[in-house]
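**Q** So that we are looking at the same thing, I have put the structure below in structure tokens.
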């Protein structure tokens, strides 16, 4: 999983370039150099795939997954916000929603997520997440790439590079994003990794993957056109025998051709049962709702897509609730039932055991008031959760102080979070590297520890 040049295959191709054997071996070499071919992990994995649910804007920890009774009692009092931030003193703001225990484990979740609260027996909740920047762009970039300032490959791209795909007829990394988050397309970019590992963006609607359906031409005509293009590509490649990237690129055209049959079927939920649609809150004919997006994520995961991300927000706002925390309510209502339905559906199908579901945001929000009724950005602590894929279910890991201002116990930094996710997929985060600009890079940079307390 470490990129090294030149390779033995590179030398072999150089030796064969002028040989009569080269044309016969060309197709075998292309197949052998398929960058998306399945690869063995470093050790036996617990999870085979990831569904990553990202709530953009900074979800408030004390209003969702981290109950703070003392913050209710301290409403309006002026205290230092803390958390290592240099902020002016501001009145504390009590949470707007009550907390109740969920599932047999009794993990408390606020009334913003009544459906998800009942799934807490399957959830590994982390209340002690921490990041290093209080600006949306940098924090969003970091939770996706491990880098706060410079563009780096997304975690989905790293997994595509490290493990390949189980279905060559579909992309290895798919992002369902009706609206881009802060940092834009950088959150699913491949950066210096080969282009095959970039996330494929899907826009919910009647044609989620445009230009996949064949044009109005006969199948025979299309095969002739593609066959001619293939012949030209291979002739071009034969004159450039040492260009392994070019050889692999030829394979991407074949993938695009095969997607014509498999991709439309993957995005067609018409054959799903009424009971399944109801789980996600989806009505027949729906091709846009968050429930539809979660259902598509399940369908892609079961068809071998390695990493599926869903980025939630509305056309008018996201979770960045400075003026009024009430803005959290419609967003929570939009995702609550679909996410609970996704967990139920995966479990019923026996997929939750080897599918890792991750929910996160980029940072939390201040216990102090910011604006009339809102909260400010707060990187010192926030909540995230994982489910399935070898995580310990029914637990709440880590603690914050009495007002959710700073981590009091078992801090989980973004780098630790990434290291743990890679570990669950059978990858040693220190060994998944790629040489670029004279040095080896990795998702966790030079940091990160696997959080053993989150593992079964």
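The values are calculated or read from the model by the stated rules, or taken from the named source; none is laboratory data. A quick note: this is a predicted structure, and the numbers were derived from the prediction, not measured. Note that each Cβ is placed from the backbone with ideal geometry, even for glycine, and that neighbours are counted across all protein chains shown.
**Q** Quick check on region 358-366. Is at least one of its residues out of contact with any strand residue (DSSP E or B) (no Cβ under 7 Å at 6 or more places or on another chain) and surrounded by fewer than 21 Cβ atoms within 10 Å (Cβ to Cβ)? Before the answer, list the steps.
**A** Start the filter on region 358-366 by keeping residues that are out of contact with any strand residue (DSSP E or B) (no Cβ under 7 Å at 6 or more places or on another chain), which leaves 362.
From what is left, the residues that are surrounded by fewer than 21 Cβ atoms within 10 Å (Cβ to Cβ) are none.
No, region 358-366 contains no residue that is out of contact with any strand residue (DSSP E or B) (no Cβ under 7 Å at 6 or more places or on another chain) and surrounded by fewer than 21 Cβ atoms within 10 Å (Cβ to Cβ).
**Q** May I ask you to list the residues in region 367-381 that are more than 14 Å from residue 328 (Cα to Cα) and not in a strand (DSSP E or B)?
**A** Selection gives 370, 371, 372, 379, 380, 381.
**Q** If you scan region 232-256, which residues turn out to be modelled with pLDDT of 65 or more and surrounded by fewer than 14 Cβ atoms within 10 Å (Cβ to Cβ)?
**A** 232, 235, 236, 238, 239, 240
**Q** Right, next: Do the conditions hold for residue 71, that is, is it assigned to a strand (DSSP E or B), in the same structural domain as residue 165 (by TED's automatic domain parsing) and either touching a strand residue (DSSP E or B) at 6+ places or on another chain (Cβ under 7 Å) or at pLDDT 75 or above (or both)? Step through it out loud before you land on a result.
**A** Numbers: assigned to a strand (DSSP E or B): no; in the same structural domain as residue 165 (by TED's automatic domain parsing): yes; either touching a strand residue (DSSP E or B) at 6+ places or on another chain (Cβ under 7 Å) or at pLDDT 75 or above (or both): yes.
So residue 71 fails the test.
**Q** Take residue 370 and tell me if it is at pLDDT 95 or above and either assigned by TED's automatic domain parsing to the domain that holds residue 176 or closer than 30 Å to residue 44 by Cβ (or both).
**A** no
**Q** Exactly one condition in (1) part of a helix (DSSP H, G or I); (2) within 19 Å of the chain's Cα centre (by Cα); (3) modelled with pLDDT under 95 is not met by residue 259; state its number.
**A** (2)
**Q** Taking residue 277 as the residue in question, decide whether it is part of a helix (DSSP H, G or I), over 29 Å from residue 189 (Cα atoms) and assigned by TED's automatic domain parsing to the domain that holds residue 179.
**A** yes
**Q** Which one of 304, 285 is assigned by TED's automatic domain parsing to the domain that holds residue 198, on the phi > 0 side of the Ramachandran plot and free of Cβ contacts under 8 Å to residues at least 40 places away in the same chain?
**A** 285
**Q** Tell me yes or no: at least one residue of region 120-127 is closer than 30 Å to residue 293 by Cα, at pLDDT 95 or above and over 23 Å from the mean Cα position of the chain (by Cα).
**A** No, that holds for no residue.
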